[in-house]
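The values are calculated or read from the model by the stated rules, or taken from the named source; none is laboratory data. Given the structure is predicted, the values throughout are model-derived calculations rather than measurements. Reconstructed Cβ throughout: ideal geometry from the backbone, glycine too, with neighbour counts over all protein chains shown.
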Amino acid sequence: MLSVGLCKLKIRNMTSPFVEPLPKRKRRKGPNEEITKNVVVLRSNQVCEMDGVVLMPKTTLDMSSIKKSGQSKKVTFTKSTSSRDMQRKLEEKFPFLEEASERFYCAKAVENRSKLDFCGDRCVWSGAFINKNITGNSALYIYCEVCND
């Protein structure tokens, strides 16, 4: 018997042949578990930059042509990947990034995918920083400054 306030409840041992599944909970990834993200490279001549703010391509057609031209791929890394190792991985996936005349930086899309956010300084992010800032199925954007020499 269980007394709750003025009411007395009788608890019976009711067993059911059906076991209720536990709710799905997101488990944190370990430092060496693989993380896969969609990565889209945006060159400076494909986007508009105003007052230090990089605006995304305006139409889905523009974005579609960027993805079809080999500037979109999946990249696998771990939380323990350093920014230098991440730079090497990106250069392997996108060989045109290795060119000396092009500098590139990691960014995420903000404000309904209308502009890029570099989360502070423009740099290549580590695996842990990407995992923290790019959540779910969101893509990692690489902004590539094309120097016209």
Positions within the range 60-115 being in a strand (DSSP E or B) and either under 12 Å from residue 41 (Cβ atoms) or of a type in the set (S, T, N, Q) (or both), in sequence order
72, 73, 75, 76, 102, 104, 105, 106, 107
Yes or no: the range 107-114 includes at least one residue that is without any contact (Cβ under 8 Å) to a residue 40 or more places away in the chain and hydrophobic (A, V, I, L, M, F, W, C).
yes
When residue 97 is evaluated against the numbered criteria (1) more than 18 Å from the chain's Cα centre (by Cα); (2) within 30 Å of residue 28 (Cβ to Cβ), which criterion, by number, is the only one it fails?
(2)
Out of curiosity, is residue 126 surrounded by 18 or more Cβ atoms within 10 Å (Cβ to Cβ) and either out of contact with any strand residue (DSSP E or B) (no Cβ under 8 Å at 6 or more places or on another chain) or charged (D, E, K, R) (or both)?
yes
Answer yes or no as to whether residue 3 is over 27 Å from residue 145 (Cβ atoms) and at pLDDT below 85.
yes
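Could you tell me whether residue 58 is of a type in the set (Lys, Arg), more than 18 Å from the chain's Cα centre (by Cα) and over 19 Å from residue 105 (Cβ atoms)?
In short, yes.
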